[in-house]
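The numbers here are math on the coordinates, done by the rules we state, and not lab data. These figures come from a predicted structure and were not determined experimentally. Glycine gets a Cβ as well: all are built from the backbone with ideal geometry, and neighbour counts include every protein chain shown.
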Amino acid sequence: MSEKNVLNGDDSLNITIINDKENKIVCSEFLNNNFKKIFSGENLNTTLIQIDIDDVSPCIGCFGCWIKTPGECVIKDKMIDINKQIINSDMVIFITPIIFGQYSCAIKNVVDRTLSKNLPFFKKFNGRTGHPGRYEKYPVQYVIGCLDEGQEEDKKIFLDTHNKYRRDIQKVYISTNEEDIESIVQNIFIEVNK
Amino acid sequence: MKQISFINGSPRGNNSFSFTLLKQLETITKGEKYFINTNFKGKYDDEVFKKLANSDDIIIAFPLYYYCIPGILLNLLEQYYKYNINKKGNSANVYVIVNCGFPEPQINDEAINVIRNFSSKVGFNFRFAISIGSGGFIDATKNIPVFNKNMKNINNALERIKNDIYDQCKKQFCDDIMLEPSSPRWLVLFFSGRSWYPLGKKNGLSKKDLYRRPYVEERY
């Protein structure tokens, strides 16, 4: 990755991985046990955040992060630290079960609550209206969606949503087993280091 | 008598546009009606799931959050899915009313597909959706006569749901109803863009304050 970690003033890369604790394809034990192996490498500062459904409450749609405390969510829970962690990362990887074609609700609550990193205004992006970013720079973001084999409709909706609208996501991967994750993450690192 | 369930998937509860539209539909339908507000703790009695399983018709209204359905609504649907495994409820007809802040209702398409997919997994019969663009704008201007046409279009679409509920020989397939604001696009964007400054001002914030960048002072 060309961008240096300005925060630490060195060449290290801050990576944040956000996973749903209830993810049955990539279970917490797997990530914890393989953490060092998968995310090994010099100059990698990796943080694994396991999200439980009760950790982050849902976005309440109050727009407080736009008109009361711009850039900061008004709900004071784990999400305050997560938003801070995300914006100060060089790379963020979301790992989520795919439920009916979208994120699991634990991860969806996290994503909804990152609304604060956008501005309230409208802007056209490739012919589609969206919200402009609040910051000059953002981490490179990847999403790994996990689902059982044969769930083609779930997969299609998940990919369509990201490909059409989530210009902030670099790439979306689909995984049907734990072994995939290791190679997906290696691919991400190769891509980033190009 | 028809059993009709109304699910309000907006975290803003009774203050939401979704609630307004569901209430409007509730007043024009007849039957045994059951209203479900999604809740932050995600705790629901079995009674809620029983009612859903026994419904003839289910109307799900929600705002678009991050290009998909809000976490609070997904939680309820996920719990129903788990409740429904190995059970066989009615094959309820499902209708969706979704609104997004963006002017293009097409941005709601994937969220509608999520409900369509959910319906097929739990044995419900998805009928069609009312897909509304500029929902926030239409809600905020609904009592201003010059913008009346927006609500009129929505009310006509709600009538379509009502008629479909009582239609004994339902068509095989029904297209979703896409509703763009009838007001000129520049006017919608002008109001939508400008409205944030006075809202911030009410909280003692200047225009510049709305652009704050917390958390990264050290970085930039």
Practice problem: When a/c is below 1.5 the answer is rounded, else prolate if a/b is larger than b/c, else oblate, so apply that to segment B:3-211 with a ≥ b ≥ c taken from the square roots of the Cα gyration tensor eigenvalues. | Solution: prolate
Practice problem: Would you order B:TYR211, A:TYR165 from fewest to most other beta-carbon atoms within 10 Å of each residue's own beta-carbon? | Solution: B:TYR211, A:TYR165
Quiz item: In whole Å, how far is the Cα centre of segment B:161-218 from that of segment A:161-185?
Solution: 29
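Starting with the fewest neighbours, write out B:LEU73, B:LEU25, B:LEU179 ranked by other beta-carbon atoms found within 10 Å of each beta-carbon.
Details: B:LEU73 28, B:LEU25 24, B:LEU179 20.
By the 10 Å Cβ count, ascending, the order reads B:LEU179, B:LEU25, B:LEU73.
Could you tell me which of rounded, prolate or oblate describes chain A, using a ≥ b ≥ c as the square roots of the eigenvalues of the alpha-carbon gyration tensor, with rounded for a/c under 1.5 and, failing that, prolate when a/b is larger than b/c and oblate otherwise?
Numbers: a/c = 1.40, a/b = 1.16, b/c = 1.21.
Taking the square roots of the gyration eigenvalues as a ≥ b ≥ c, chain A is rounded.
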Exercise. Would you mind checking B:LYS2/B:LYS50; A:LYS24/A:LYS76; A:LYS76/A:LYS108; B:LYS2/B:LYS41; A:LYS21/B:LYS50; A:LYS84/A:LYS156 for any pair whose Cα atoms are more than 25 angstrom apart?
Key: A:LYS24/A:LYS76; B:LYS2/B:LYS41; A:LYS21/B:LYS50; A:LYS84/A:LYS156
Practice problem: Take A:ILE190, project a point 7 Å from its Cα along the Cβ direction, then tell me which residues of segment A:42-71 have their backbone nitrogen under 17 Å from it. | Solution: none
Self-check item: Environment charge of A:LYS68, counting only residues whose C-beta is closer than 14 Å and scoring Lys/Arg +1, Asp/Glu -1
Solution: +2
Quiz item: Which Cα, out of B:TRP196, B:PHE6, B:LEU22, lies furthest along the positive dipole direction of segment B:3-211 (beta carbon charges, K/R +1, D/E -1)?
Solution: B:TRP196
Practice problem: For segment B:20-38 and segment A:83-149, write down the distance between their C-alpha centroids in whole Å. | Solution: 33
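Out of segment A:124-177, which GluC sites (Glu not before Pro) are coil in DSSP terms and have no more than 16 other C-beta atoms within 10 Å?
A:GLU136, A:GLU149
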Quiz item: Once a ≥ b ≥ c are taken as the square roots of the eigenvalues of the Cα gyration tensor of segment B:104-220, is the result rounded (a/c under 1.5), prolate (a/b larger than b/c) or oblate (a/b not larger than b/c)?
Solution: oblate
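Restrict the search to segment B:1-104; then list the trypsin sites (Lys or Arg not before Pro) that DSSP places in a loop and that have at most 10 other Cβ atoms within 10 Å of their Cβ. Spell out each step's value before the answer.
Working: sites: B:LYS2, B:ARG12, B:LYS23, B:LYS30, B:LYS33, B:LYS41, B:LYS43, B:LYS50, B:LYS51, B:LYS82, B:LYS87, B:LYS88; in loops: B:LYS2, B:ARG12, B:LYS30, B:LYS41, B:LYS43, B:LYS87, B:LYS88.
Here the trypsin sites (Lys or Arg not before Pro) that fit, given the DSSP loop and packing criteria, are B:LYS41, B:LYS43, B:LYS88.
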Practice problem: Rank the residues A:CYS65, B:CYS169, B:CYS174 as a footprinting-exposure proxy: fewest other Cβ atoms within 10 Å of their Cβ go first. | Solution: B:CYS169, B:CYS174, A:CYS65
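Exactly which chymotrypsin sites (Phe, Trp or Tyr not before Pro) in segment B:146-195 are in a DSSP loop and have at most 14 other Cβ atoms within 10 Å?
Values: sites: B:PHE147, B:TYR166, B:PHE173, B:TRP186, B:PHE190, B:PHE191; in loops: B:PHE173.
When the chymotrypsin sites (Phe, Trp or Tyr not before Pro) of segment B:146-195 are filtered for loop state and at most 14 Cβ neighbours within 10 Å, B:PHE173 remain.
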